[in-house]
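What follows is a short report on a single structure.
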């Protein structure tokens, strides 16, 4: 078991029943509000995206074949920020409000950077510098607010930059980011419930609601894309929430498993591309989730598989956290097995079906 630096209790300070009661109490004001806003705001945002010409033109590496409006993540970001700000203003977060404010600011900063990239385009160097600045300022504020050692500061900076880019890399098929935001948000809300942290419950529920509300716009034929504003606010919000929770003492077993499939897919793909001498940051179609579509799965099927693996890894990890000795070790082995199966699944399916990117119809 690995806990954050400010831990003052065990793996869970509340019972499952108490945690569920908190989630059900806060859900109408966070999950539902964010969902409704995210489902409705695109009607207002879409005409502006068309007027501004925020369009994604497909290339040979794209998973779509026709121009599609991108930047609809602006509606998702507004929904998330408005909901979380409302939770603060309405007193749904009675304690640790300074943590919530820092997390909200990091969410807003990530969304702003992503929108600037969608609207005008920004060089890679500037993007990385601003991502690092968001992580640096946010983590520094959390370190001061929580009174913890400053050596956690570079960890927070690195985590922010890493997950913003990981979420961006993994946003390549319809539905995957919406489902990831929904799954991670609900899992983090549960972590907040069992650890008696209303700010974390509200952050998770708002995140889940905002990204699940976008799914009707993006599933199937995918009439609009999140764009960088969507993937940046997804990665930045998850990173900010995870950093705030870990520094507040939440066990890492609650925070890392929901991100493990994304981390593994990105890391393995990155290492293989570097070994082949490819330019690692150039667009490509070599992630496991993309290769799953090459062997016959639809976008929705691939996105659901990624999400199912994420939830499975998280549930197994929560079991391992509460188990002792052999049970905990078996849970760890099961997590590794799920990740490995996910990574090699495209190869296995290709052999079974005889399909690949070059032969798939």
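The values are calculated or read from the model by the stated rules, or taken from the named source; none is laboratory data. In this text, all values refer to a predicted model and were calculated from it rather than measured experimentally. Ideal geometry is used to build each Cβ from the backbone, glycine not excepted, and the neighbour counts take in all protein chains shown.
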Contacts under 6 angstrom Cβ, first residue in region 218-247 being not assigned by TED's automatic domain parsing to the domain that holds residue 38, partner at pLDDT below 95, 6 or more apart: none
Segments classed as helices (runs of 4 or more DSSP H), wholly inside region 274-361, with at least 3 members that are free of Cβ contacts under 8 Å to residues at least 24 places away in the same chain and over 19 Å from residue 169 (Cβ atoms): 299-322, 326-353
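If you check 236, 230, 213, which single one turns out to be in a helix (DSSP H, G or I), under 16 Å from residue 100 (Cβ atoms) and modelled with pLDDT of 95 or more?
Testing whether each residue is in a helix (DSSP H, G or I), under 16 Å from residue 100 (Cβ atoms) and modelled with pLDDT of 95 or more leaves just 236.
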Any hit, region 142-165, residues being modelled with pLDDT under 95, within 19 Å of the chain's Cα centre (by Cα), closer than 23 Å to residue 309 by Cβ and buried (at least 22 other Cβ atoms within 10 Å of the Cβ): no
Extreme residue, surrounded by the fewest Cβ atoms within 10 Å (Cβ to Cβ), among residues of region 257-289 that are out of contact with any helix residue (DSSP H, G or I) (no Cβ under 8 Å at 6 or more places or on another chain) and at pLDDT 90 or above: 271
Lone qualifier among 350, 331 - being within 16 Å of residue 258 (Cα to Cα) and surrounded by 19 or more Cβ atoms within 10 Å (Cβ to Cβ): 331
